[in-house]
Each structure stands twice: as structure tokens, then as C-alpha cells.
Amino acid sequence: MLLLRSIFFTFLFPGTVTVLIPHWLISSRGTGTFSIYPSLRYLGLLLIGIGAVGLLWCIWEFFSEGRGTLAPIDPPKNLVVRGPYRYVRNPMYVSVAIILAGEAIFFISIAVLIEAVILISVAHLFVTFYEEPALRRLFGESYTRYSQTVGRWIPRFRSKVT
């Protein structure tokens, strides 16, 4: 049952943000424009692929380690700190933004790029004012330690002092 919920919420949330909305934005201006520079298209495809792999990896970690889904109404029961979560606290949002950046490049779409900026802005507000305080209440000291050592959006590369 957890697997089915994970699949459902994957299609519902990131599927809407990375497939349905960009499709609507691109098709609403007539036709999707492909870059006249093929190398840019390849860069866009590479970013889409990297973001998709990252997103699926995050969803798998929520399912297997966290025993929950990506939906706020069905969150993980355990704090997930492995996989991509070892490097940033919000790799799922980062992955979605990378997918959107790739789509913006592939289709030369300012509208999809604006969607990516809006996504990151809204995600930052949601994470800062709701998600992190809720995780601190739920997981206590373990989340506090985790948030002190792992960056919110950008990996922290520090040498360990012994």
C-alpha cells in the first residue's frame, strides 16, 4: 500500500510541476521552440536526466528508509539522512528545479524558467516557515544536529576537524 501511495503522490506532485505545467506553458504559446543550438538541447536533456534520477532516488529513500511518501499528508515516519539527503536537506526540490531548468533550456522557454524560480521561492518559504519547524518538533535533537551539518539547498563541504 505504501508503494502505491508513493507512486500516486509522485505523479500528483512532481508530475504536475515537471510535466503538466511545463506542457501547458510551452503549448500555450503556440508550439514548443527547440534550440537552434543542438548542444544546448543536449545540456537541457542532461539536466532533465540528472534531476529525474535525483527525484526518483529521493522518493525511493522516503519509501524505503522513511516509511512514508513525499506528500505532506503522508510524510516519512523516520528521519531520512542517507542518499541525496546526506548532502542537502531538500534534494527533492533541488531535483525538481534542475528538471525545470533543463526543460527551460531544451525548449528555450522563459515561462518554464520563471516556473522554476517561483518553485524555489515558494519551496524556500514552505521549508523555512513550516517544514523545518515541524521536523524539529517531530524528530527533535536528531533533526537539529542534521540541520546544523547538512545545507538546506547547497551542499556543505567542510573538512572534519579532529
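The values are calculated or read from the model by the stated rules, or taken from the named source; none is laboratory data. As the structure is a prediction and not an experimental result, all values here were calculated from the model. Note that we place each Cβ from the backbone using ideal geometry, even for glycine, and neighbour counts take in every protein chain shown.
Conditions tested, residue by residue: (1) β-branched (Val, Ile, Thr); (2) exposed (fewer than 13 other Cβ atoms within 10 Å of the Cβ); (3) within 22 Å of residue 13 (Cα to Cα); (4) free of Cβ contacts under 8 Å to residues at least 60 places away in the same chain.
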residue: 69; (1), (2), (3), (4): yes, no, yes, no
residue: 85; (1), (2), (3), (4): no, no, yes, no
residue: 88; (1), (2), (3), (4): yes, no, yes, no
residue: 92; (1), (2), (3), (4): no, no, yes, no
residue: 117; (1), (2), (3), (4): yes, no, yes, yes
residue: 126; (1), (2), (3), (4): no, no, yes, yes
residue: 135; (1), (2), (3), (4): no, no, yes, yes
residue: 147; (1), (2), (3), (4): no, no, no, yes
residue: 153; (1), (2), (3), (4): no, no, yes, no
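Of 50, 118, all but one fail to be at pLDDT 95 or above and either closer than 18 Å to residue 21 by Cα or not in a helix (DSSP H, G or I) (or both); the exception is 118. Please find, within segment 126-151, the residue that is modelled with the highest pLDDT out of those that are closer than 22 Å to residue 74 by Cβ and hydrophobic (A, V, I, L, M, F, W, C). In this case the residue turns out to be 129.
The set of residues in segment 22-47 that are surrounded by 14 or more Cβ atoms within 10 Å (Cβ to Cβ) and either among the basic types (Lys, Arg) or at pLDDT below 85 (or both) comprises 32, 35, 40, 41.
Here is a check on your reading of the model: is residue 108 closer than 18 Å to residue 23 by Cβ, touching a residue at least 24 places away in the same chain (Cβ under 8 Å), more than 15 Å from the chain's Cα centre (by Cα) and surrounded by fewer than 20 Cβ atoms within 10 Å (Cβ to Cβ)? Before you say what the answer is, go through the steps one by one.
Values: closer than 18 Å to residue 23 by Cβ: yes; touching a residue at least 24 places away in the same chain (Cβ under 8 Å): yes; more than 15 Å from the chain's Cα centre (by Cα): yes; surrounded by fewer than 20 Cβ atoms within 10 Å (Cβ to Cβ): yes.
So residue 108 fits the description; yes.
Conditions tested, residue by residue: (1) within 21 Å of residue 46 (Cα to Cα); (2) not in a loop (DSSP other than H, G, I, E, B).
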site: 63; (1), (2): no, yes
site: 71; (1), (2): no, no
site: 74; (1), (2): no, no
site: 79; (1), (2): no, no
site: 84; (1), (2): yes, yes
site: 94; (1), (2): yes, yes
site: 100; (1), (2): yes, yes
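Please state which of the following conditions residue 50 fails to meet, knowing it meets all the rest: (1) surrounded by fewer than 22 Cβ atoms within 10 Å (Cβ to Cβ); (2) under 17 Å from residue 147 (Cα atoms); (3) out of contact with any Asp or Glu (no Cβ under 6 Å at 6 or more places or on another chain). Going through (1) surrounded by fewer than 22 Cβ atoms within 10 Å (Cβ to Cβ); (2) under 17 Å from residue 147 (Cα atoms); (3) out of contact with any Asp or Glu (no Cβ under 6 Å at 6 or more places or on another chain) one by one, residue 50 breaks only (2).
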